[in-house]
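Down below is the structure, laid out as structure tokens.
The values are calculated or read from the model by the stated rules, or taken from the named source; none is laboratory data. Quantities reported herein were computed from a predicted structural model and do not represent experimental measurements. Because the Cβ atoms are built from the backbone with ideal geometry, glycine has one as well, and the counts that use them run over all protein chains shown.
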Amino acid sequence: MDTLATEDWVARSLRAVWHPCTQMKHHERMPLIPIARGAGPWLYDRDGRRFLDGISSWWVNLFGHANPRINAALKTQLDTLEHAMLAGCTHEPAIELAERLAALTDHTLGHAFFASDGASAVEIALKMSFHTWRNRGRAEKREFACVANSYHGETIGALGVTDVALFKDAYDPLIRHAHVVASPDARLAAPGESAADVARRALDSVRALFAARGEQLAALIVEPLVQCATGMAMHDPSYLAGLRALCDEYDVHLIADEIAVGCGRTGTFFACEQAGIWPDLLCLSKGISGGYLPLSIVLSRDAIFDAFYDDDTTRGFLHSHSYTGNPLACRAALATLDLFASDNVLAENARKSAVLRAALEPLRAHPHVRHLRQCGTLFAFDVAIDHAQAARTFSRRFFDHALQRELLLRPIGTTVYLMPPYILSDDELAWLAARTRDTLDATLADEVH
Ligand SMILES: *Cc1c(COP(=O)(O)O)cnc(C)c1O
């Protein structure tokens, strides 16, 4: 492949493709990687350079690119049924996926509503909660609560329960804001305080809100265990148990947004399992299709489903998306669940995470590293940088230095995180840790003031 052709490819992309979450002008200086193919944890560009996908392509990929078993399942499905509408019709992949997810929740969340992306799942959960109360004659319960620094997607409804200024501020006049409760982020611990102490304090803020607005509140939405998009803020599982108890006490639905943390990311299949609780509504997306196809699912309890079950059409949940329950996406999800079932993935992940943890541990003594932390297969640390300008450009410079070291990593601000696919060998895990450290040192060495 000649270099000129690749440059032409990039130029064509920058003209015709409006890239997501990107100030397009930054690409005048920042590289755009023309991905040609993927295999396992590696992405290859048009010139044959390879990059280890250290962030699972925005947290979606679980078992590698072009996974032979998911590919085979999809090829068979493609020759059987590519799509059929899910209103008035049904098909085996949707039924089987709904049943298997219900079983994974001990049949507590026995009803699966399908959509295509995470933000849509959040919109659905919010609408379902409000509409449940309305059908029960409590239409005044129409407010929502979210946790400080939460991220639940970027459609206008989802932004209402998102608390990340960068994504939200420009659209402020369009948004119906949720109540924001205190952060349970374990990094807020004062000297001598534990993560559980921070959680307890944060729960006081929830109780105060519920005491004041419980009659008007439909639901509280939370990212269990890790608030990913804000920069991998982690909290103690007791926070979730506390939320469950308060939601029960004040008749407020608990919505668990497991879009990023579900599917084994935090060590258990669902993050909520670590707190021994189930929410009223649970949102899944990202990893559920193995990173292959857009798919999201909202799981709900009988009590919510039953509130809609009636002869009256308007008491039904009339929400729909054209590609609801797409059979190819459901098949990819079933193949993903097959891998979990046959390969002892959660136990193997625990072993691999211990390997990566040991390899990263020396970073704790690095003069610029703060709060090295882990939850399941997810690792993060904050980088202390004195100069504001250097801090502002850190993420882009780190990205660039990582690419030079065959590594795809995109820090969030000055927080570096690793969220690799579950299939790295021990050698690859050691390599990932070593290259991460090299990248950090190279980025710190070229600080521009
Ligand atoms: C990514 C994400 C979403 C939004 O999902 P999209 O598919 O990007 O719309 C919502 N909530 C959480 C916790 C996420 O990480």
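Here is how the numbers come out for the structure above:
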item	result
Failed criterion for Gly40 (all others in (1) touching a helix residue (DSSP H, G or I) at 6+ places or on another chain (Cβ under 6 Å); (2) outside the structural domain of Ile297 (by TED's automatic domain parsing); (3) of a type in the set (Gly, Ala, Ser) hold)	(1)
Members of segment 396-429 found to be within 23 Å of Asp45 (Cα to Cα) and in a helix (DSSP H, G or I), listed by number	Arg396, Arg397, Phe398, Phe399, Asp400, His401, Ala402, Leu403, Gln404, Asp427, Glu428, Leu429
Among residues of segment 52-90, those that are assigned to a helix (DSSP H, G or I), in contact with a Leu (Cβ under 8 Å, 6 or more places away or on another chain) and of a type in the set (D, E, K, R), counted	1
Flag if Asp302 is surrounded by fewer than 24 Cβ atoms within 10 Å (Cβ to Cβ), within 24 Å of Ala178 (Cα to Cα) and away from the ligand (no atom under 13 Å from the Cβ)	no
Qualifying residue in segment 241-258 (condition: within 13 Å of the ligand (Cβ to nearest atom) and over 25 Å from Asp306 (Cβ atoms))	no
Residues being within 16 Å of the ligand (Cβ to nearest atom) and surrounded by fewer than 21 Cβ atoms within 10 Å (Cβ to Cβ) - total across segment 214-228	0
Scan of segment 241-257 for residues that are out of contact with any Asp or Glu (no Cβ under 8 Å at 6 or more places or on another chain) and either under 22 Å from Thr415 (Cβ atoms) or free of Cβ contacts under 8 Å to residues at least 24 places away in the same chain (or both), ordered by number	Ala245, Asp248
Test result for Ala211, in a strand (DSSP E or B), more than 16 Å from the ligand (Cβ to nearest atom) and outside the structural domain of Thr377 (by TED's automatic domain parsing)	no
Helices (runs of 4 or more DSSP H) lying entirely in segment 91-207 (those with 2 or more residues that are more than 16 Å from the ligand (Cβ to nearest atom))	92-104, 118-135
Members of segment 1-20 found to be surrounded by 10 or more Cβ atoms within 10 Å (Cβ to Cβ), under 25 Å from the mean Cα position of the chain (by Cα) and of a type in the set (A, V, I, L, M, F, W, C), listed by number	Val17
Residue that is farthest from Ser116 (Cα to Cα) [pool: residues in segment 304-321 that are among the small types (Gly, Ala, Ser) and in contact (Cβ under 8 Å) with a residue 24 or more places away in the chain]	Ala307
Single residue of segment 259-296 satisfying the filter (of a type in the set (Gly, Ala, Ser) and within 12 Å of the ligand (Cβ to nearest atom)) that is surrounded by the most Cβ atoms within 10 Å (Cβ to Cβ)	Ser289
Segment 366-392, residues that are modelled with pLDDT under 95 and either assigned by TED's automatic domain parsing to the domain that holds Met232 or surrounded by fewer than 16 Cβ atoms within 10 Å (Cβ to Cβ) (or both)	Asp386, His387, Ala388, Gln389, Ala391, Arg392
Failed item in (1) modelled with pLDDT of 95 or more; (2) loosely packed, with under 14 Cβ neighbours inside 10 Å, with Gln77 passing the rest	(2)
Residues of segment 80-114 satisfying the condition of being exposed (fewer than 14 other Cβ atoms within 10 Å of the Cβ) and under 24 Å from the mean Cα position of the chain (by Cα)	Glu99, Ala103, Asp106, His107
Per-region count, segment 34-55, residues at pLDDT below 95 and under 23 Å from the mean Cα position of the chain (by Cα)	0
Filter result (more than 23 Å from Ser296 (Cβ to Cβ) and crowded, with 16+ Cβ neighbours inside 10 Å) within segment 150-186	His179, Val180, Val181, Ala182, Ser183, Pro184, Asp185, Ala186
Scope segment 238-281; condition hydroxyl-bearing (Ser, Thr, Tyr) and out of contact with any Phe, Trp or Tyr (no Cβ under 8 Å at 6 or more places or on another chain); matching residues	Ser238, Tyr239, Thr266, Thr268
Sole residue being among the basic types (Lys, Arg) and closer than 30 Å to Ile55 by Cα, chosen from Lys127, Lys168, Lys141	Lys168
